[in-house]
Amino acid sequence: MNTPTQAATDTANPLHCDAVIVGGGPAGLMAAEVLAQAGVAVHLFDAMPSVGRKFLLAGKGGLNLTHSEPHEPFASRYAGRQPQVEPLIQAFGGPEVRAWAQGLGVETFVGTSGRVFPADMKAATLLRAWLQRLRAQGVQFHMRHRWLGWADDDGALRFAAPAGEVRVTARAVVLALGGGSWARLGSDGAWVPLLAQRGVAVAPLRPANCGFDVLRADAPVGETRRAFLQELIGRTPAPAVGWTPHFAERFAGQPFKTVALSFTDSQGRIFSRRGEFVVTATGVEGSLVYAASHLLRDEIKAHGHATFHLDLLPDHSPERVLVEVSHPRGSRSLSSHLKSRLGLDGIKAGILYEHLGKDGMNDPVALAHAIKALPITVVATRPIDEAISTAGGVAFEALDKHLMATAAPGVFCAGEMLDWEAPTGGYLLTASLASGVRAGQGVLRFLAANAC
């Protein structure tokens, strides 16, 4: 068998492996661990100079490993792909993730939100211990090796490496190449045409857990002469996007705290949850928005826009809010009145002025209604490379129950490159790890069934 050094300098004499992992994120590393623990010689290839780059970025503000909620609500977070993802997390879910981390010497704790974190909140500590164990188990890492697909002549895997093109043959391959977000960290979706050419069904990649651009509150309502003429020649005018300059300059980057977001799409699907999100220069992003992003994204695709409602005071009844805003304010300004009676100031008062204008703010009924159900219309997702994750990818229908591609025997797929999505909160990482476990186990079965 050739060494990696020989393989990197001799494309005519490829490296021969039992198992190859392409992609050094959580799913690929977990598949490598399953195989190495079973005594299989594993070679892992990644395009970046080091593995786990998106994993480290995700842990920058505190690594959210998994969630502590019971299995049923946990599984429901995968929405339309729950039937396919649930068997994976049933075998390797939240409790198993915590036990796995503990096995690496990393203690975990449950936060007030139910999310699970390492005791030191750091991704680097866990990744360092994980890589140390994988190397001790014999996993060989080949960095700066970008996968180029399969060779036409002998079906070998092709990699672009610093010393030139490398060819690798393998009895089984796990592809764990990520989705299409954060291209600078390696997840660029370049694998999509490579698998499509192989006959593997791939759904188009779309942003998930993403931000949105809002419709300008002062955008003209109704049909304008310009819009009419554009429609006549078959052009749809682009909507006016973003906050007013005054609101964006004052509040971009600031959070909405203790609010509730509700949305019902045209199919009758309902979302309602409390939480926080952030105003951006052109719209909204953050955990509460991410949780509803799949519904908002799909509604925009179907109808060009989506309107959710924001309850700025979810602990106050509509009746109480109306009483307080109608209370005589004497010589006090409206801003002082809202702050003293309802605690409304800052960004919450700012969004009311943005939406209602001066006249609406002086109408107690309109103001009370806006405080409890402020409509915010979003018209576009932010670019896919800004998204936390992506939807779309390799269709589960193109895979068997062990995540092997039916059109490419011996090729398994895992992680975010599969066609599923979930909100933030530990669900993304748990399912990625669980799919790596399933793919690794699938490779073991395949190698046993096709022993030389």
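Quick look at the numbers
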| item | result |
| --- | --- |
| Index of the failed condition, G111 passing every other in (1) touching a helix residue (DSSP H, G or I) at 6+ places or on another chain (Cβ under 7 Å); (2) within 23 Å of S293 (Cβ to Cβ); (3) among the small types (G, A, S) | (1) |
| Filter result for the condition that a residue is touching a helix residue (DSSP H, G or I) at 6+ places or on another chain (Cβ under 8 Å), under 24 Å from G155 (Cβ atoms), open to solvent by less than 20 Å² (accessible area, probe 1.4 Å) and not hydroxyl-bearing (S, T, Y), over G426, G415 | G415 |
| Residues (assigned to a strand (DSSP E or B) and either among the aliphatic types (A, V, I, L, M) or farther than 20 Å from R216 by Cα (or both)) located in the stretch 263-273 | T264, I270, F271, S272, R273 |
| The stretch 344-375: number of residues that are under 21 Å from P255 (Cα atoms) and either open to solvent by 50 Å² or more (accessible area, probe 1.4 Å) or among the charged types (D, E, K, R) (or both) | 6 |
| Extreme residue, most open to solvent (accessible area, probe 1.4 Å), among residues of the stretch 274-288 that are within 11 Å of G242 (Cβ to Cβ) and not in a strand (DSSP E or B) | A281 |
| Pair list, Cβ under 6 Å, 6 or more apart: the stretch 243-258 residue open to solvent by less than 60 Å² (accessible area, probe 1.4 Å), other residue part of a helix (DSSP H, G or I) and hydrophobic (A, V, I, L, M, F, W, C) | F251/I347 |
| Odd one out for R273, checked against (1) of a type in the set (K, R); (2) under 23 Å from G114 (Cα atoms); (3) touching a residue at least 40 places away in the same chain (Cβ under 8 Å) | (3) |
| Tally, over the stretch 142-164, of residues that are touching a Phe, Trp or Tyr at 6+ places or on another chain (Cβ under 8 Å) and of a type in the set (F, W, Y) | 2 |
| First in the stretch 303-329 and more than 30 Å from D265 (Cβ to Cβ) and in contact (Cβ under 8 Å) with a residue 12 or more places away in the chain, second anywhere and surrounded by fewer than 20 Cβ atoms within 10 Å (Cβ to Cβ) and of a type in the set (V, I, T), Cβ under 9 Å, 6 or more apart | V325/V365; S326/V365 |
| Check on P409, on the phi < 0 side of the Ramachandran plot, part of a loop (DSSP other than H, G, I, E, B) and open to solvent by 20 Å² or more (accessible area, probe 1.4 Å) | yes |
| Number of the exception - P204 against (1) within 27 Å of T390 (Cβ to Cβ); (2) open to solvent by 70 Å² or more (accessible area, probe 1.4 Å); (3) modelled with pLDDT under 95 | (3) |
| Among (1) surrounded by fewer than 15 Cβ atoms within 10 Å (Cβ to Cβ); (2) under 19 Å from the mean Cα position of the chain (by Cα); (3) farther than 20 Å from I388 by Cβ - the single one K60 does not satisfy | (3) |
| Pair list, Cβ under 6 Å, 6 or more apart: the stretch 353-372 residue in contact (Cβ under 8 Å) with a residue 24 or more places away in the chain, other residue surrounded by fewer than 16 Cβ atoms within 10 Å (Cβ to Cβ) | P364/S326; K372/P318 |
| Filter result for G155 (part of a loop (DSSP other than H, G, I, E, B) and without any contact (Cβ under 8 Å) to a residue 60 or more places away in the chain) | yes |
| Selected residue [over 20 Å from the mean Cα position of the chain (by Cα), touching a residue at least 60 places away in the same chain (Cβ under 8 Å), in a helix (DSSP H, G or I) and under 25 Å from I384 (Cα atoms)] from L134, L195 | L195 |
| Failed item in (1) in contact with a Pro (Cβ under 8 Å, 6 or more places away or on another chain); (2) open to solvent by 30 Å² or more (accessible area, probe 1.4 Å); (3) under 30 Å from N209 (Cβ atoms), with S326 passing the rest | (3) |
| Filter pass, L399 being more than 22 Å from P204 (Cα to Cα) and in contact with a strand residue (DSSP E or B) (Cβ under 9 Å, 6 or more places away or on another chain) | no |
| Positions within the stretch 64-82 being open to solvent by 30 Å² or more (accessible area, probe 1.4 Å) and either under 19 Å from the mean Cα position of the chain (by Cα) or touching a residue at least 12 places away in the same chain (Cβ under 8 Å) (or both), in sequence order | S68, E69, H71, P73, S76, R77, A79, G80, R81, Q82 |
| Matching residues in the stretch 75-126 - criterion: being under 21 Å from P423 (Cβ atoms), of a type in the set (A, V, I, L, M, F, W, C) and out of contact with any strand residue (DSSP E or B) (no Cβ under 7 Å at 6 or more places or on another chain) | A75, A79, V85, L88, I89, F92, M121, A123 |
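Here's the yes/no breakdown for (1) without any contact (Cβ under 8 Å) to a residue 60 or more places away in the chain; (2) charged (D, E, K, R):
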| site | (1), (2) |
| --- | --- |
| L342 | yes, no |
| P409 | yes, no |
| C413 | no, no |
| D419 | no, yes |
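The values are calculated or read from the model by the stated rules, or taken from the named source; none is laboratory data. Computed from a predicted model, the values in this text were never measured in an experiment. Backbone-built Cβ (ideal geometry, glycine too); neighbour counts: all protein chains shown. Heavy atoms of the whole protein, side chains included, go into the accessibility calculation; ligands, DNA and RNA do not. Shrake-Rupley method; radii C 1.70, N 1.55, O 1.52, S 1.80 Å.
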